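Here, each number is a calculation from the coordinates, and none is a lab measurement. These numbers come from a predicted model, not from an experiment. Cβ: placed from backbone, ideal geometry, glycine included. Neighbour counts: every protein chain shown.
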Amino acid sequence: MSFLQIRNVSMRFGGLMAVSDASFDVAEGSITGLIGPNGAGKTTLFAIVSGFQKPTSGQVLWRGAEITARPPHVLAAEGLSRTFQIVQPFAGLSVRENIAVGAFLRHRRRADAIALAEQVAEQVGLTAELDKPAAALTVSGRKRVELGKALATQPKLLLLDEVLAGLNPSEVRDIVPVVRAIRDSGVTVLMIEHVMQAVMNLCESVHVLAQGRIIASGTPAEVVATPAVVEAYLGHGAASRLSGGAHA
Ligand SMILES: Nc1ncnc2c1ncn2[C@@H]1O[C@H](COP(=O)(O)OP(=O)(O)OP(=O)(O)O)[C@@H](O)[C@H]1O
């Protein structure tokens with residue numbers, strides 16, 4: 001049985017099919033990538049999987065049970081959490097308190113939530129920043145807080161929406177092992193990512209969305225060598241131009 005199954009999911013906004021008949025599976029214990037050009041429908045698909053949006057049609061199954069349109073807080077309690085592309089820490093709260101917001105899902109007592117937050121802060125490399133106001137952190141620090149907040153809900157499946165966007169190459173190199181360690185601790189990861197260096201390093205399998213459709217699935221090396229993927233990113237005819245088969 002697949003851990004997560006996305007079955008023929010479509011999402012229409014007026015005349016626009018943001019996601020069109022998308023199907024793919026995520027294996028338990030994997031780091032799976034979801035890539036594609038801007039506007040391909042990746043965030044919309046995440047919103048559907050995490051219960052923030054109800055698809056026009058199709059189903060999401062998790063551990064064999066249908067979870068389509070189950071509310072986000074119910075899914076979080078069941079072990080499915082997500083991060084957001086635009087990170088918005090609670091500005092008046094410290095890093096410790098921000099991460100504890102996630103931990104309160106599992107603990108009623110403040111002391112317990114804070115203890116879990118401190119444990120998670122170590123996992124995401126924020127121990128030295130625990131007392132700082134979250135708003136005082138760099139982009140990279142705020143991304144770690146967002147990751148920590150989701151991790152503090154103790155997910156079994158973690159959806160990461162562009163955690164590496166806006167980071168410089170050395171910051172990306174620093175976060176890649178953090179994501180890998182999260183998976184190694186038993187959390188299945190599905191990540192939207194534009195930073196291909198990280199996708200190549202981290203993901204065992206990748207699904208490519210373009211104009212709402214899954215156009216390729218495979219290992220990172222397989223999908224980047226797929227002509228349809230090259231064309232989705234670089235335009236019609238790009239694949240044959242790159243391989244020297246035609247002249248622009
Ligand atoms: N609530 C909405 N109402 C109308 N159109 C929407 C809505 N949400 C997304 N869209 C449209 O759906 C399409 C897919 O958007 P989505 O944000 O899912 O793409 P994406 O692949 O995540 O893009 P990016 O990589 O730029 O974040 C876009 O054309 C977007 O404008």
Report the calculated FRET efficiency for R108 and D21 (r = Cβ-Cβ distance, R0 = 45 Å), to the nearest 0.05. 0.55
Okay, helix-only estimate at 222 nm for the chain: each DSSP H run of n ≥ 4 adds -39500 (n - 2.57), divide by all residues, round to 500 deg cm²/dmol; what do you get? -10500 deg cm²/dmol
Which one of V49, V178, G148 has its Cα pushed farthest toward the positive end of the charge dipole of the chain, where Lys and Arg give +1 and Asp and Glu give -1 at the Cβ? V49
Need one word for the stretch 74-123: rounded, prolate or oblate. Basis is the Cα gyration tensor (sqrt eigenvalues a ≥ b ≥ c); a/c below 1.5 gives rounded, then a/b vs b/c decides. oblate
Relative to the Cα centre, what is the charge dipole magnitude of the stretch 19-101, using +1 at the beta carbon of each Lys and Arg, -1 at the beta carbon of each Asp and Glu, and rounding to the nearest 20 debye? 180
In debye, nearest 20: dipole of the chain around its Cα centre with unit charges on the Cβ of K, R (+) and D, E (-)? 520
Give the residue from L130, V189, G166 lying farthest towards the positive end of the charge dipole for the chain; charges sit on Cβ (+1 for Lys and Arg, -1 for Asp and Glu) and the dipole is referred to the Cα centre. L130
Candidate lysines for bridging to K132, where Cα separation is under 24 Å - those fewer than 8 sequence places away on the same chain excluded: K143, K149
Starting with the highest mean, order 48-56, 70-78 by the number of other Cβ atoms within 10 Å, averaged over the residues of each peptide. 48-56, 70-78
Most to least packed among 189-200, 10-21, 155-166 [average Cβ atoms within 10 Å]: 155-166, 189-200, 10-21
Using a basic spin-label model with each label point 7 Å from the Cα along Cα→Cβ, how many nm lie between T219 and A135? 4.8
In sequence order, what are the phi-derived ³J(HN,Hα) couplings for the stretch 87-103 according to the Karplus relation 6.51 cos²θ - 1.76 cosθ + 1.60 with θ = phi - 60°, rounded to whole Hz, with x for glycine and proline? 7, 10, x, 5, 4, x, 9, 6, 4, 4, 5, 4, 5, 5, 3, x, 5
Dipole magnitude of the stretch 87-154 about its Cα centre (Cβ charges: Lys, Arg +1; Asp, Glu -1), debye to nearest 20: 180
Here the stretch 174-182 yields Karplus 3J(HN,Hα) values (6.51, -1.76, 1.60; θ = phi - 60°; whole Hz; Gly and Pro given as x) of 6, 8, 3, x, 5, 5, 5, 5, 4
